[in-house]
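Beneath this line is the structure, given in structure tokens, with notes to follow.
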Amino acid sequence: MQPSDKALVPFVSVDNMMQLVHHIGVERVITEIAAQIESDFKRWESFDKTPRIPAHSPHGVIELMPTSDGEAYGFKYVNGHPKNTSEGLQTVTAFGLLADVYTGYPTLLTEMTILTALRTAATSALVGSYLAPKGATTMAMIGNGAQSEFQCLAFKAMCGIDTVRLYDIDANATAKCAANLQGKGLTVVPCKTAEEAIEGAQIITTCTADKKYATILTDNMVGPGVHINAIGGDCPGKTELHSDILLRSEIFVEYPEQTRIEGEIQALDDDHPVTEMWQVMTGQAKGRTDDRQITLFDSVGFAIEDFSALRYIKTAIEGTEFFEPLDMLADPDDPRDLYGMLMRAK
Ligand code: NAD
């Protein structure tokens, strides 16, 4: 029996995601996802919001990230296992689903490992476009793993960065990142220490992975006027910045209820003031107010960003061959005759 079209769910495999991104162009995809995120952040109040649901283990974390705007529902399954790279596996992998709230039927199933890197970079650069000092040209990129090239290209495309200064405790990671960024219109400077990487940088991105309270930046390394894009501290017990930096910074977050559990600010009192990025985007709160201010985006990754990315992909694949129809919903001719359908399939 052939399922009807309404029961077939478009599935975007890793291979199709890669072809789609090549078809559109990496920087254009990042910029377009950022536009979708910005428009969804501007209607923040129309979303169901909840901190993501984690399952922690000594090995890492597995999380579900759901949200809905009342018309569509989306969730992402994502893991975070810093020890994985030593076993030849990714630290972060993900897949996600979009569904129609009216019928409850899924409307898209997709890989989200690549999509997460794209949406994280899109979110970082979108926030950077609001908070980074005007005329910024140089970014320090500390942690040169899977996310790093996406971050560099996003800041080039959206914030006018022309130079990236790379540092990783693993020199092979820096060499990989530098090689991947060749010919992409960026001046790439591999560095031997984090201190060297931040020299002359107006934007500092930290994107390391370690399941501990790490100190990637100490207080004396951060001068006035910089924007810090802190990506890697995104779990209880997993942070990147010395708390003195937080006390000198204006802190911007996605969703405080989640960031206070997972972000850099887990080191601060629960009532330490933070500004929500959606309010900056809607003009209800101020972003950077002077040239000497240190702005800190305490990024953990929020479900609405994945929802935006899922909706972007759903539209982007329409009329293309970059997906397969997946027979994942039972579709009996008589909706109540599920058993009959099973028996007739014998
Ligand atoms: P990855 O494992 O591929 O890369 C991490 C890199 O950090 C590695 O190359 C490692 O050598 C380096 N590193 C570890 N400790 C370091 C240190 N002290 N100094 C310099 N470099 C160091 O991981 P990834 O996929 O690139 O992700 C990086 C981090 O970002 C992870 O912690 C992940 O959980 C987080 N992340 C956050 C978001 C978000 O939305 N905020 C999204 C995706 C990933």
Counting only the backbone N, which residues of segment 224-251 are under 14 Å from the spot 7 Å out from the Cα of ASP269 toward its beta-carbon?
-> 247
Rg and Dmax of segment 133-258, using alpha carbons, in Å: what are they?
-> 13.8, 41
Least to most buried among ARG52, ARG336, ARG248 (fewest other Cβ within 10 Å first) = ARG336, ARG248, ARG52
Using +1 on the beta carbon of Lys and Arg, -1 on that of Asp and Glu, and nothing else charged, what's the dipole of the chain about the Cα centre, debye to 20?
-> 460 debye
The local net charge around LEU8, scoring Lys/Arg +1 and Asp/Glu -1 for residues other than LEU8 whose Cβ lies under 11 Å from its Cβ, equals -3
VAL222, VAL164 arranged by Cβ crowding within 10 Å, fewest neighbours leading = VAL222, VAL164
In a shell of Cβ-Cβ distance under 9 Å around ILE33, excluding ILE33 itself, what net charge do Lys and Arg (+1) and Asp and Glu (-1) give?
-> -1
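What ranking of GLU63, GLU250 emerges when the number of other C-beta atoms within 10 Å of each C-beta is taken as an exposure proxy, fewest first? Each step should come with its number before you reach the end.
Values: GLU63 22, GLU250 18.
Going from least to most buried by this count: GLU250, GLU63.
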Within the chain, what percent of beta bridges assigned by DSSP are antiparallel, to the nearest 5?
-> 50 percent
Work from the charge dipole of the chain (Cβ charges, +1 for Lys and Arg, -1 for Asp and Glu, about the Cα centre) and give the residue of GLN279, LEU246, ALA140 farthest towards its positive end.
-> ALA140
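If you place +1 on the Cβ of every Lys and Arg and -1 on the Cβ of every Asp and Glu, how big does the dipole about the Cα centre of segment 123-198 come out, in debye to the nearest 20? Write out the running numbers ahead of the final one.
Values: 6 positive and 6 negative charges, 42 e Å.
The dipole magnitude comes to about 200 debye.
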Which residue fluctuates the most in the chain, going by a Gaussian network model with Cα springs under 10 Å, if the choices are ASP334, ASP162, ASP271?
-> ASP334
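Antiparallel versus total DSSP beta bridges in segment 138-241: what percent is that, nearest 5?
Antiparallel bridges: around 5 percent, rounded to the nearest 5.
Computed from the coordinates by the stated procedures, all read-outs in this text should not be read as laboratory data. Computed from a prediction, not measured in an experiment: that's the story for all the values here. Backbone-built Cβ (ideal geometry, glycine too); neighbour counts: all protein chains shown.
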